[in-house]
C-alpha cells in the first residue's frame, strides 16, 4: 500500500530544469534531480530495478517527493514493495527515504514507512545518500521477509465454521462451464467485521461490501477460507476510500487484528541509529 499526495506532478525532465538555491554556511541543498538520480543509481548498483516512478513538487518547487515500486526476484511476491523520498530547498525538512509495504508521503509534511532514514543538508550529503539507500533497501528486504512470513501464516490459517459452499454453473459465450463458488458467512466473520468497524478499519456503510467480498470472492485465489482471503476482502473495500492518510491508518489496524487472529508476532525491526537518522 503506497500513496504519494501532491497536486503538482512532474517528470525527471521537469526537475532537471529546476534551479537549486546556493549553499550557505550551514545549509547545502541538493538538487531534486540529483537526489532522485543518486537513489536510482545506487539501487541499480545493488541489483534492484524500479518501476512506476511518481514525482511531485510543492511550494514553488522548493519541496520534492517521490515514490516507486521496487522490483527484485527475492522479495515482494504477494504485494508491491515501494521506496520513496523527499527533498527540500527551503529547510522545511531533511532529505529522507521511506519504504516497505506500507508507505505514505504527502506534501503536508506527513511521511511514513516501515523503513525511514533521514539526513541533514550538510556538506557531505551527496556522499551519504548512497549509504542511506543501501541501509534502506537492506532493511526493506528484511521487512519483506517478515511480511512474507506473515502472509504465509495468513494463508495457512483457516477460519472456523466456513465449510458450507454453494456452486453455480455458468456457461460462457463459447460454451465453457465456469464454476463460481459462493460461501455462507459464519457468526465468526460477522463478529470480526463488526469489531473491525468498532476499531475504525471500515465505516458502518461498508460492512455489507466486505461481507459480499467474503461470500463471493472476485478472484479464485481467494476462495480458500483463510485469513489471507479475509484480508483481501478489506483490500478490495479500501479502494472505496478517498483519504490516503486515513487509509494508511486503517491498514495498520487491520494488520494488527489479523496478526492477533493468527497468533503471528512480528519480530522487532532494527531501528536506525541516531547517527544514521541525522548524520551531519
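Readers should treat all values here as calculations from the given coordinates under stated rules, not as data from a laboratory. Keep in mind it's a predicted model, so treat the numbers as computed, not measured. Positions of Cβ are generated from backbone atoms using ideal geometry, with glycine treated the same way; all protein chains shown enter the neighbour counts.
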**Prompt:** What order do you get for 247, 53, 137 when you list them from fewest to most C-beta neighbours inside 10 Å?
**Reply:** 53, 247, 137
**Prompt:** If one computes the Cα centroid of region 30-70 and of region 216-232, what distance in Å separates the two points?
**Reply:** 35
**Fill in**
In region 2-148 the DSSP beta bridges are antiparallel at a rate, in percent to nearest 5, of 90
**Message:** Please report the projected area of region 1-43's Cα convex hull averaged over all directions, in nm².
**Reply:** 4.7
**Prompt:** Where the convex hull is taken over the Cα atoms of region 2-148, what is its projected area averaged over directions, in nm²?
**Reply:** 7.9
**Fill in**
Fewest-first ordering of 241, 209, 234, 248 by Cβ atoms within 10 Å yields 241, 209, 248, 234
**Request:** Please find the FRET efficiency linking residue 149 to residue 205, where r is the Cβ-Cβ separation and R0 is fixed at 41 Å, and quote it to the nearest 0.05.
**Result:** 0.75
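Please report 38, 11, 235, 92 as a ranked list, fewest other C-beta atoms within 10 angstrom at the top and most at the bottom.
11, 92, 235, 38
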